[in-house]
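Here is the structure we will look at, set down as structure tokens.
Taken together, the values in this text are just the output of simple stated rules run on the coordinates, not laboratory data. Worth saying up front: this structure is predicted, and the values here are computed from it rather than measured. Cβ coordinates were reconstructed from backbone atoms using ideal geometry, including for glycine residues, and neighbour counts include every protein chain displayed.
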Amino acid sequence: MDLNLRQAVKNNVAGHDEEQLEATISEAIQSGEEKMLPGLGVLFEMYWQEASNDEKEAVLNKLEEEVGKL
């Protein structure tokens, strides 16, 4: 069986509005299930590919801050 995870995630969220996307992200995080992490990664990849350099820098700064708390 050939499973394209990226495409499956994209198909699952296609046409979702902001509220639906937020619910998907929140549910994935709140569930704490490891199997949800790849889907969040696909959503992040979609964002990252279209983000401006300023947006990327802001995300990286925030991640650096959060990683520093570990």
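A few notes on this one:
- Radius ratio Rg over Rh of the stretch 5-68, counting only Cα atoms, Kirkwood formula for Rh: 0.99
- Of the GluC sites (Glu not before Pro) found in the chain, those in coil by DSSP whose Cβ has at most 11 other Cβ atoms within 10 Å are GLU33.
- Selection of trypsin sites (Lys or Arg not before Pro), the chain, meeting DSSP coil and at most 12 other Cβ within 10 Å: LYS69
- Nearby lysines by direct alpha-carbon distance to LYS56 (threshold 22 angstrom, same-chain neighbours under 8 apart not counted): LYS10, LYS69
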